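Below: one structure, written as structure tokens.
The values are calculated or read from the model by the stated rules, or taken from the named source; none is laboratory data. Model, not experiment: these values are computed from the prediction. Here the Cβ positions follow ideal geometry from the backbone for every residue, glycine too, while neighbour counts run over all protein chains shown. Side chains included, ligands, DNA and RNA excluded: accessible areas come from the protein's heavy atoms. Shrake-Rupley method; radii C 1.70, N 1.55, O 1.52, S 1.80 Å.
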Amino acid sequence: MALGSLDLDGAFRAGMDALVVPERIDAVGSIDAAVGVELFESQAAGRHLDLAARRLGAGRQGFYSIGSSGHEGNAAVAAALRVDDPALLHYRSAAFFVQRCKQIPGLDPIRDVLLGVVAAAADPISGGRHKVFGSAAASILPQTSTIASHLPRAVGLAFALDRAAKQGISCPWPADAVVVCSFGDASANHSTAVGAVNAALHAAHQGVPMPLVLVCEDNGLGISVPTAPDWIERAYGPRPGLTYLSADGCDLPDVLGAAEDAVHLARTWRVPVFLHLRTVRLGGHAGSDVESAYRGPADIAADLARDPLLGTARYLIAAGVAEAGELLERYERIGAHVRQTADEVVHEARLDSAAAVIAPLAPAHPAAIRDDVARTGPASQTSAAPRMTLAQAINHTLAELLAKDSDVLVFGEDVGRKGGVYGVTKGLRKRFGARRVFDTLLDEQSVLGTALGTGAAGFIPIPEIQYLAYVHNAADQIRGEAATLQFFSNGQYRNPMVVRIAGLAYQKGFGGHFHNDNSLAALRDIPGVLVAVPARADDAAAMLRTCVSAARVDGRVCVFVEPIALYHTKDLHPGDEAWSASPTTDHVPIGTARVYGDGTDLTIVTFGNGVPMSLRTANRLAAEGIHSRVLDLRWLTPLPATDLLHHAEATGRVLVADETRRSGGVSESVFAALVDAGYRGVLARVTSADSFIPLGPAADTVLLGEPAIEAAARRIVPSS
């Protein structure tokens, strides 16, 4: 039975006819009559929105058909909350969305949902970029494909509410708000969900306020894979510290009572609560889903008999609130309104250019960023700092940023008491306290989820990921959550952050592939994300300030990759201390390079560890009459294309010294940028091998080294 072939409208009408009986069913529980009718109307609107989306899709006028039918009980969850309780919603939340939004003057949830279905530019949340349940006015943060990826953010947001109030941070939500996060039973098995719940319980166990209501809408199916009927209760019911409540999602009074209890507990005691709603899924998973391929007619009929819309009608009739004819009239009136609105929105304009689509992805206000960097804080130093190593400069700059602005947070595994594996955050916790600088669980998804939540709540989080290889455990928190929020909310929501990552290779006598990793491609591929790689102390200080200001001003997601092997390097040549520098309060414009020298024979383009290697190579070449300039890219996303082209054309010969891998490395993008810009000079590259980095001296066999850079330079510069 395909999605569109199940006649939900006809089945509901037939069910209503069957409810017209002489004797009324005894009512169980009680709901105020007006509230009961209001919730029925929200549920009916959700149902008709599903029907309209299917009709629009069948006519090739709509583009989204994951339906909410069977999950309409979540309207009662919305009723149990305040409109200023932030919500991160499952994609089957039409009834919740309608119930929440219709409480706010000026919102039209039916029209708003349908504008999303037809990808209209007038869609008030995403601007036509995706069909999402989101509204800035209704405190609903848009989620795109909620396979548990939003749970870490929800935990981080719950964590942030109390912290923002106590630190005087301007937060979009009140201090006593509750965060609600809904998801399906299949998603509850995802490692992201398991880790997020664990992080919430760990925080609560330590006395950290965690006002979070986790709503698992359990319809018993993950597309076609059944969930055991008792699994969610067995998995989450016995968890110490987690209040577990359960309700029949098809029984309105049961849902409303349980939801009110859950919200009361979370709001009063600031603890996580798990609300398990047993629902049904009516009409298959999505438009392409042929449900009869994996479910029998009896199972489909059994779910249809539990239709929550029919259940609410049954309750209202049994309680004497309304008659069947009156409810059916309301249902039909709502349906007519939805159909009329659907017929109207198909004529709305859609996004028609790449510029329009991209507009909210990476906002850029360079002058405002420069001014924010230059803004004098209460503890800004007026005297020049002494020469420092890269690690010392980052520590020094973090301290100044923390002193300058109370919205800055620094956190991660080992960041607090220990001061970081390499001492980069040493002393910060003692100076600024555990509310500003703190340790987290050893879980990268939770670390980044904390950043996502605190960023949305008004902070500028600076989380640390201990090693570059570890970020891949949680890449979707950057790609699927952080980078998309401004895009899919048309700039109405943002999660500014600066993710510090100790990375790249060349550590001597330590590591192997997890502690020496040169994989940057997965980060550089994410639209809108800034990737910065400082090579020396003064650049690190200035670029870190720029990233923090870009996060504050434009809501940017920044990845700040710190070359581990250069953390404590003082010398360019033995004993000269030429690689230490005084950290400055300067501003480094995003996407600008740094050049060393003005040689006219060769431009060596590089970054990170490649900078000192290339400079030493250039010195040796100069002694033989080959005069080079070394261009440190500094920013890998966006590449400094203007500077790159200028210095390439200045010599007509370019050698890219790329410490990342030959396939998927930075050099490929440098080549492409030059060719696209019309450069027609000599191009060559030397890279590390397409290999993981082994332990010990064998690492030198696969990593870029100075001999390779020098040999390549000699090949492309004619001998005199």
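Thr585 passes every criterion in (1) of a type in the set (S, T, N, Q); (2) surrounded by fewer than 20 Cβ atoms within 10 Å (Cβ to Cβ); (3) not in a loop (DSSP other than H, G, I, E, B) apart from (3).
Val605 passes every criterion in (1) in contact with a Pro (Cβ under 8 Å, 6 or more places away or on another chain); (2) of a type in the set (A, V, I, L, M); (3) more than 28 Å from Gly458 (Cα to Cα) apart from (1). Here Pro534 clears all of (1) modelled with pLDDT under 95; (2) open to solvent by less than 30 Å² (accessible area, probe 1.4 Å); (3) assigned to a loop (DSSP other than H, G, I, E, B) except the condition numbered (1).
Among the residues making up region 202-215, those that are open to solvent by less than 20 Å² (accessible area, probe 1.4 Å) and either touching a strand residue (DSSP E or B) at 6+ places or on another chain (Cβ under 7 Å) or touching a residue at least 60 places away in the same chain (Cβ under 8 Å) (or both) are Met210, Pro211, Leu212, Val213, Leu214, Val215. Screening region 500-530 for residues that are crowded, with 24+ Cβ neighbours inside 10 Å, of a type outside the set (Gly, Ala, Ser) and modelled with pLDDT of 90 or more and picking the one that is farthest from Asn609 (Cα to Cα) gives Leu530. Taking region 276-293 as the region of interest, how many residues are within 19 Å of Arg55 (Cβ to Cβ) and crowded, with 24+ Cβ neighbours inside 10 Å? Result for region 276-293: 3. Is it the case that region 464-481 has a residue that's open to solvent by 30 Å² or more (accessible area, probe 1.4 Å), over 15 Å from Val559 (Cα atoms) and among the acidic types (Asp, Glu)? Within region 464-481, none of the residues are open to solvent by 30 Å² or more (accessible area, probe 1.4 Å), over 15 Å from Val559 (Cα atoms) and among the acidic types (Asp, Glu). Selection of region 58-74 for residues being over 26 Å from the mean Cα position of the chain (by Cα), surrounded by fewer than 19 Cβ atoms within 10 Å (Cβ to Cβ) and of a type outside the set (S, T, N, Q) yields Ala58, Gly59, Arg60. Open to solvent by less than 10 Å² (accessible area, probe 1.4 Å) and not hydrophobic (A, V, I, L, M, F, W, C): is that true of Glu326 in this structure? Considered against the rule, which asks whether it is open to solvent by less than 10 Å² (accessible area, probe 1.4 Å) and not hydrophobic (A, V, I, L, M, F, W, C), Glu326 comes out as no. Glu41 passes every criterion in (1) modelled with pLDDT under 95; (2) part of a helix (DSSP H, G or I); (3) open to solvent by 10 Å² or more (accessible area, probe 1.4 Å) apart from (1).
The helices (runs of 4 or more DSSP H) falling completely within region 351-450 include none with 2 or more residues that are surrounded by 17 or more Cβ atoms within 10 Å (Cβ to Cβ), touching a strand residue (DSSP E or B) at 6+ places or on another chain (Cβ under 6 Å) and among the small types (Gly, Ala, Ser).
Would you point out the residue of region 221-245, among those that are in contact with a helix residue (DSSP H, G or I) (Cβ under 9 Å, 6 or more places away or on another chain) and in a loop (DSSP other than H, G, I, E, B), that is surrounded by the fewest Cβ atoms within 10 Å (Cβ to Cβ)? It comes out as Pro240.
To keep it simple, each residue is scored yes or no on (1) of a type in the set (Val, Ile, Thr); (2) open to solvent by less than 10 Å² (accessible area, probe 1.4 Å); (3) over 21 Å from Gly335 (Cβ atoms).
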residue	(1), (2), (3)
Ala80	no, no, yes
Ala87	no, yes, yes
Ala95	no, yes, no
Ile104	yes, no, yes
Gly128	no, no, yes
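Of the residues Arg163, Arg111, the single one that is among the charged types (D, E, K, R), over 21 Å from Val179 (Cα atoms), open to solvent by 10 Å² or more (accessible area, probe 1.4 Å) and part of a helix (DSSP H, G or I) is Arg111. Within the option set Asp248, Asp218, Asp254, Asp261, being over 20 Å from Leu88 (Cβ atoms), in contact with a Lys or Arg (Cβ under 7 Å, 6 or more places away or on another chain), of a type outside the set (S, T, N, Q) and crowded, with 16+ Cβ neighbours inside 10 Å holds for one residue only, Asp248. Give His568, His573 a once-over and let me know the one that is over 30 Å from Arg653 (Cα atoms) and surrounded by fewer than 19 Cβ atoms within 10 Å (Cβ to Cβ). On inspection, the qualifying residue turns out to be His568.
Among the candidates Glu260, Glu233, which residue alone is in contact with a His (Cβ under 8 Å, 6 or more places away or on another chain) and either farther than 28 Å from Ile66 by Cα or of a type in the set (D, E, K, R) (or both)?
So the residue among Glu260, Glu233 that is in contact with a His (Cβ under 8 Å, 6 or more places away or on another chain) and either farther than 28 Å from Ile66 by Cα or of a type in the set (D, E, K, R) (or both) is Glu233.
In region 264-275 there is at least one residue that is farther than 18 Å from His71 by Cβ, crowded, with 23+ Cβ neighbours inside 10 Å, touching a residue at least 24 places away in the same chain (Cβ under 8 Å) and small (Gly, Ala, Ser). Taking the listed residues Leu468, Leu448, Leu442, Leu504, the one that is within 16 Å of Phe560 (Cβ to Cβ), out of contact with any helix residue (DSSP H, G or I) (no Cβ under 8 Å at 6 or more places or on another chain) and of a type outside the set (S, T, N, Q) is Leu468, with no other qualifying.
Looking across region 218-246, the residues that are touching a strand residue (DSSP E or B) at 6+ places or on another chain (Cβ under 9 Å) and within 25 Å of Tyr294 (Cα to Cα) come down to Asp218, Asn219, Gly220, Leu221, Gly222, Thr227, Pro229, Trp231, Ile232, Glu233. For region 313-321, the criterion of being within 24 Å of Ser93 (Cβ to Cβ), exposed (fewer than 14 other Cβ atoms within 10 Å of the Cβ) and charged (D, E, K, R) is met by no residue. On the stretch given as region 449-466, residues that are touching a residue at least 60 places away in the same chain (Cβ under 8 Å) and either more than 23 Å from Val421 (Cα to Cα) or not polar (S, T, N, Q) (or both) total 12. Could you list, in sequence order, all residues of region 260-298 that are over 27 Å from the mean Cα position of the chain (by Cα), in a helix (DSSP H, G or I) and modelled with pLDDT of 90 or more? The answer is Glu260, Asp261, His264, Leu265, Thr268, Trp269, Pro297, Ala298.
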